[in-house]
Each structure stands twice: as C-alpha cells, then as structure tokens.
Amino acid sequence: MMSTMRIAAILTVLAGSATAEVDPCVVGTWQADLSELAAIMATQMQGTATPVGGMVIMQITPTNTVRIDVDDMAIRVKVPNAPEMNVTVTGYSTGTMRAEGNAWTATSTDYNLVGAADIMGTRMEIPFSAATGMFGSGDGTYTCAGTNLTFQTSSAAPKIPPTWTRLD
C-alpha cells in the first residue's frame, strides 16, 4: 500500500506539470475589447462595423481550462450594396489553453455559439464552428502585463480578439 506521503508527492508532481503550461499572468477573468471585435468583423465582411452592446468574458484557470462566454454581443455592420444589419452572437466555448513562453494554443472541446443577423426585419442564422469561427481552436503569440493581455493569431483569420482587460 502506498503511504500518504508518497501519494501527496505524486499529486504534487501531477499538479505542477498541469500548471506549468499556463503562464500565471494569463490566469484569471478577462473582458474582450468589442471595438476590436467589430474591426475584425468589418474586415471579414469587407464593410464597416460598430459595437452596439453585450460582452465577451474569458476565464483561464491554472489547470489549462478556458471558457469564453459571449453575452448578447451585438455589432452593427454595413457592407457595400446591402442594408445595414445588426449581427448578434451569444453562447460559449470551452476547452483547453496552453500559454507559456509567449506562445498560446487553444483547443475547443465544447463550442456552442449562436449567431444571427437582422436584415430588413428578417432574422438570418449564421453558422459557426470551432474549426472556423472566432473563439474556437487556434494558436499564436501573446503578451501579458498587469491588467492587459494581447493575442496574435497564427492564422489569417483571427481566432481570438487581440486585446483583453483583466477583471479580477
């Protein structure tokens, strides 16, 4: 039978290896800059976009888990030759995040974001997936200092908003 000391030592080693993959600076609760999300959407849709409301909150734990909650994010979008529309997104994405040495990798294991656009009084659903959508799986580089966390994505299409502000 294993002694209590040996079990405690094994648990300490296992816990230490899990936390080694997350820079302590990124652990916590963060809020995304909606203006940057609007700019990303404007680029993707080749138009202009303005944030209207809602929020995006990300929680990163010392054990590599990440949860992003999108709470009624609304962005007004104008694209050429089309009427102005309100695009809304709500839902969440959960998974794992490694962040150390200024490199990050995120893998979404539960992606449940729902998007819609209101165009001339008609609501149109927008499909999202973890592979192609914002807040899904991705990688890149990051910088973290105090209350500011910034991400750069390796892919051409951003997978995560660049600027986040610490809430805790």
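Some points to look at:
- Relative contact order %, the chain, counting alpha carbon pairs below 8 Å whose residues are six or more apart: 20 percent
- Size of segment 68-110 as Cα extents on the principal axes (Å, biggest first): 44, 21, 13
- Scalar couplings 3J(HN,Hα) for segment 69-85, obtained by applying the Karplus form with A = 6.51, B = -1.76, C = 1.60 to θ = phi - 60°, are 9, 9, 9, 6, 5, 10, 9, 8, 10, 10, 10, x, 6, 8, x, 4, 9 Hz; x denotes Gly and Pro.
- Counted by Cβ distance under 14 Å from Leu113, the other residues give a net charge of -3, where Lys and Arg count +1 and Asp and Glu count -1.
- From least to most packed, judged by other beta carbons within 10 angstrom and beginning with the fewest, Ser35, Ser155 follow the order Ser155, Ser35.
- Each part reduced to its alpha carbon centroid, segment 101-168 and segment 22-96 end up 6 Å apart.
- Computed from Cα positions, the angle between helix 4-19 and the longest principal axis of the chain comes to roughly 30 degrees.
- Neighbours of Val22, meaning other residues whose beta-carbon lies under 10 angstrom from its beta-carbon, give a summed charge of -2 when Lys and Arg score +1 and Asp and Glu score -1.
- Between 0 and 90°, nearest 10: helix 34-45 axis offset from the chain longest Cα axis: 60 degrees
- Result for the chain in a Gaussian network model with C-alpha springs under 10 Å: among Asn81, Asn102, Asn112, the largest mean-square fluctuation is at Asn81.
- Using distinct alpha-carbon pairs, which all enter the 1/r mean, Kirkwood radius of the chain in Å: 17.2 Å
- Charge sum, other residues only, whose C-beta stays under 10 Å from Pro161's C-beta, Lys/Arg counted +1 and Asp/Glu -1: -1
- Working note: 222 nm ellipticity from helices only, DSSP H runs with n ≥ 4, each -39,500 (n - 2.57), summed and divided by the residues of the chain, gives -5500 deg cm²/dmol to the nearest 500.
Computed from the coordinates by the stated procedures, all read-outs in this text should not be read as laboratory data. All values reported here derive from a predicted model rather than from experimental measurement. As a convention, Cβ positions derive from the backbone with ideal geometry for all residues, glycine included, and neighbour counts pool all protein chains shown.
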